[in-house]
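One structure is given here, and the rest of the page talks about it.
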């Protein structure tokens, strides 16, 4: 591996034009594909195989009108005033009718006029049994001249009206033009009426979610690179290569988004990971080249080739670990997670290839300028001083008090992990949005006027267990009455029926994220429920709330399996890289400590609301249900990056004659500065996403930033040298039978250096 990469590095350095033009050509192809196919992103996250998704698929097939996206708008009068004045009623009625006139919105009047006989029977059954459609006595339909305004409910005090409507197509297929038309129609209600119009959270398309905060992260990364490498030219190269790698990776995903469903979080996730690893990988290689130029007085060309051969090998296997961790998500079997994982993994792979081919080509253009005379002079003075800097003092302190260090770290991270026992998973929504947003104000107004349950209606499908028994109007009416009598049910209304099924809208009394609502969903689905037993039917439940519950449950079930798979695969990779049993086990234990502490801190901040104002949100709420899986995969891969770079340096010192704690100290001093710089860069990049408006991206960015902070500075900079000092030379011990069957990958470049030294000796003799 090292020899092959050495040749690649030397060729790229000598002939940079071919490699640079090649990557520019690839970028041009990606840009061309985007211009032809466009960018298509979706907010839909299907959880295949769950009860809620099965019901949605069934509705889409047999009664498409009931499976379309939903929208809501709140009309709010000033305090102590009512909406049902003539002027306000006229404005609301016009706005509602304008919405019903939009192409992709279902108009109840048209739907009723074109209804099938089955739907007409449903309407007749509902009219003969008033309990089937009458809501709780505290609220009712908004009336104009004794006629209800379709889809609009009025609160008991007459101050708040809720307008709910349905689209003819699924939520992810609705374009921004349609949403804009809806919003423009309802906003006319505000003119001259003193009514506040609050569009619901669903009336918007998804965005890519990148803004100025991420630019700040890149600026900080540039400053850290400059401080670490001491040269503007050297600091600029990692940024250039990382941006190109991300551009090709994320751009490539966008270029095929017309043909595959691309969740909105996918591009941001790939951007986060791609920038972080792209900068770090290039930083490690450039730093290694500069060290060889200064310490070994090699030419820029030879130093670049050797850096690609040695540090490049570590980059390759570090990237492979990240890719394995990401691709482990494929075993979960969820399409949207698989898409995220593959796009992020592809972006990492591209950044690895960019670091191993484009970077040496750019180094070839820079030549000897990569290391300025000032930097060489500064390094020479440092070498004369014996290298007694902060890194030297710290690692010797850790080694001296190794047991105390280990105990202190375990206690500290154990305390940080305590909140994880109370962690609640879900989909952050309007209930936890900032108070000044329309989505949050709409949520609060609905809760005030009608109850929290109206923010998360459930859709129920009842099917006779005996397929030969048709659904009758009588059964429909009985089911509505029975459902209305259930605990924690505020309102039940029939939506439609066929010969095979009856569809209902059920409003719980509690909110979407309330545990009581989850219990209601589980009770309704149970085959042992009184409704299922009495009427011999099977009840299916779907809707946003049910999907949320199913997603959290499904991901909680597969999470341990996923963690087990990535740990097993990564242990194998680390075993091959380090040819040691102790090192992979120690690396994994350290990661588990850091991930538990990370999730504990995230729970305290985003669920309990600690320091919420510092991170730009007002109210705590559930943690994103798929966040633990995504973050665990990314953090495991990135943590192993630091493990590979730090411990491979220690092993290199051991291979070249340093023994015991001396190899730990020497290896630590060689690479600690660049590992710290890389960690600061990653934290800066991830932290930039904390201040986006999207709470999902905010949570992922925060968790990744905290995870890297803990893993790099506490685990790798503290726990690793302490444990390595305890084991000493035994850390590299390997049973003879295992040593014989394991291939020697020569990640440290021992064979390469030996070969090059032999050639140098022959050259000098001749």
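Listed by position, the helices (runs of 4 or more DSSP H) contained in the range 1-120 that have at least 3 residues being surrounded by 14 or more Cβ atoms within 10 Å (Cβ to Cβ), at pLDDT 85 or above and in contact with a helix residue (DSSP H, G or I) (Cβ under 6 Å, 6 or more places away or on another chain) are 2-14, 16-37, 86-100.
Determine whether residue 709 is closer than 30 Å to residue 606 by Cα and crowded, with 24+ Cβ neighbours inside 10 Å. So residue 709 fails the test.
Taken as a whole, the structure places residue 261 among residues that are surrounded by fewer than 23 Cβ atoms within 10 Å (Cβ to Cβ) and in contact with a strand residue (DSSP E or B) (Cβ under 8 Å, 6 or more places away or on another chain).
Please state which one of 447, 442 is under 30 Å from residue 698 (Cβ atoms) and crowded, with 20+ Cβ neighbours inside 10 Å.
Values: 447 fails: crowded, with 20+ Cβ neighbours inside 10 Å.
442 is the lone residue from the list that is under 30 Å from residue 698 (Cβ atoms) and crowded, with 20+ Cβ neighbours inside 10 Å.
Answer yes if at least one residue in the range 569-583 is more than 21 Å from residue 720 (Cβ to Cβ) and outside any helix (DSSP H, G or I), and no otherwise. The answer is no, given that none of the residues of the range 569-583 is more than 21 Å from residue 720 (Cβ to Cβ) and outside any helix (DSSP H, G or I). Please go through the range 516-543 and pick out each residue that is farther than 13 Å from residue 475 by Cα, assigned to a helix (DSSP H, G or I) and out of contact with any strand residue (DSSP E or B) (no Cβ under 8 Å at 6 or more places or on another chain). Matches in the range 516-543: 518, 519, 522, 523, 530, 533. Kindly evaluate residue 513 against the criterion of being touching a strand residue (DSSP E or B) at 6+ places or on another chain (Cβ under 9 Å), modelled with pLDDT under 85, crowded, with 23+ Cβ neighbours inside 10 Å and outside any helix (DSSP H, G or I). Judged against the criteria, residue 513 is a match.
Given the criterion surrounded by fewer than 22 Cβ atoms within 10 Å (Cβ to Cβ), closer than 30 Å to residue 425 by Cα and without any contact (Cβ under 8 Å) to a residue 12 or more places away in the chain, identify the matching residue among 527, 505, 468, 493.
Working: 505 fails: without any contact (Cβ under 8 Å) to a residue 12 or more places away in the chain; 468 fails: closer than 30 Å to residue 425 by Cα; 493 fails: without any contact (Cβ under 8 Å) to a residue 12 or more places away in the chain.
Result of the check over 527, 505, 468, 493: 527.
The set of residues from the range 166-188 being buried (at least 18 other Cβ atoms within 10 Å of the Cβ), over 14 Å from residue 83 (Cβ atoms) and in contact with a helix residue (DSSP H, G or I) (Cβ under 6 Å, 6 or more places away or on another chain) comprises 182, 185.
Residue 557 passes every criterion in (1) surrounded by fewer than 22 Cβ atoms within 10 Å (Cβ to Cβ); (2) at pLDDT 85 or above; (3) within 23 Å of residue 423 (Cα to Cα) apart from (2). Of all residues in the range 422-444, those that are farther than 13 Å from residue 201 by Cα and at pLDDT 85 or above total 3. Filtering the range 331-346 to residues that are at pLDDT below 85 and farther than 14 Å from residue 265 by Cβ leaves 331, 332, 333.
Filtering 607, 670 for residues that are in the same structural domain as residue 701 (by TED's automatic domain parsing), within 30 Å of residue 425 (Cα to Cα) and touching a residue at least 40 places away in the same chain (Cβ under 8 Å) leaves a single hit, 607. Scanning the range 681-706 for residues that are over 13 Å from the mean Cα position of the chain (by Cα) and buried (at least 22 other Cβ atoms within 10 Å of the Cβ) turns up 681, 682, 683, 684, 685, 687, 688, 706.
The residue list 248, 293 contains one member that is modelled with pLDDT of 85 or more and under 18 Å from residue 363 (Cα atoms), which is 293. Which residue, of 253, 221, is within 24 Å of the chain's Cα centre (by Cα) and modelled with pLDDT of 85 or more? Going through 253, 221 in turn, just one is within 24 Å of the chain's Cα centre (by Cα) and modelled with pLDDT of 85 or more: 253.
The values are calculated or read from the model by the stated rules, or taken from the named source; none is laboratory data. Note that the structure is predicted; figures quoted are calculated from it, not measured. Cβ: placed from backbone, ideal geometry, glycine included. Neighbour counts: every protein chain shown.
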